[in-house]
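Since the structure comes first, as structure tokens, the remarks are kept for the end.
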Amino acid sequence: MSQLPINPAHLALYEHELCGFCQQVRRTETRLSLPVEVTSRNILHDPEARQELIKGGGRAVVPCLRIETADREVHWLYESADIIGYLKQLS
């Protein structure tokens, strides 16, 4: 996996409300007051978001953070601990 960007242009969190790991990531994101907005994409209520996750990330597993750079390079980060660690680096 390539190096994750430290100045993302956009972040999207693929999640759903029944996932405790997703809730941990969301609480961390809220607490950190990140310099970039994190868009929530609920894969249970939004079939398009689920398909985007499968097509881009390769798996329909949440949580997954889609990280996009200013030049449109996209990285997919799974695992709540890895996502939380990345978000802490951004704050």
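Just so it is clear, none of the values below were taken in a lab; they were calculated from the coordinates. Keep in mind it's a predicted model, so treat the numbers as computed, not measured. All Cβ positions, even for glycine, are placed from backbone atoms using ideal geometry, and neighbour counts span all protein chains on display.
Summing -39500 (n - 2.57) over the DSSP H runs of n ≥ 4 in the chain and dividing by its residue number, what mean residue ellipticity at 222 nm do you reach, to the nearest 500 deg cm²/dmol?
Helices in the chain give a 222 nm mean residue ellipticity of -12000 deg cm²/dmol.
Calculate the translational D of the chain in whole µm² s⁻¹ from Stokes-Einstein, where the hydrodynamic radius comes from the Kirkwood formula applied to all Cα pairs, the temperature is 25 °C and the viscosity 0.890 mPa s.
So the translational diffusion coefficient is about 189 µm²/s.
Identify unpaired cysteines across the chain, taking unpaired to mean no other cysteine Cβ lies under 4.7 Å from the residue's Cβ.
Cys64
Restricting the count to DSSP beta bridges whose residues both fall in segment 11-91, what percent are antiparallel, rounded to a multiple of 5?
Percent antiparallel among DSSP bridges in segment 11-91 is about 65.
Between Ser40 and Glu68, what is 0.36 nm times their sequence separation minus the Cα-Cα distance? Round to one decimal in nm.
8.7 nm
Which value in Å does the Kirkwood hydrodynamic radius of segment 24-64 take, with 1/r averaged over all unlike C-alpha pairs and then inverted?
11.3 Å
Going by average Cβ density within 10 Å per residue, which order do the peptides 43-50, 28-35 take, highest to lowest?
Put in order of decreasing packing, that is 43-50, 28-35.
Testing the spin-label approximation: label points 7 Å from Cα along Cα→Cβ at Leu4 and Gln23. State their distance in nm.
The modelled label-to-label distance comes out at 2.3 nm.
Relative contact order of segment 1-82: what whole-number percent is it, with Cα pairs under 8 angstrom and at least 6 residues apart?
About 39 percent, as a whole number.
Could you give the length gained on full extension between Tyr78 and Thr30, defined as 0.36 nm per residue of separation minus the Cα-Cα distance, in nm?
15.4 nm
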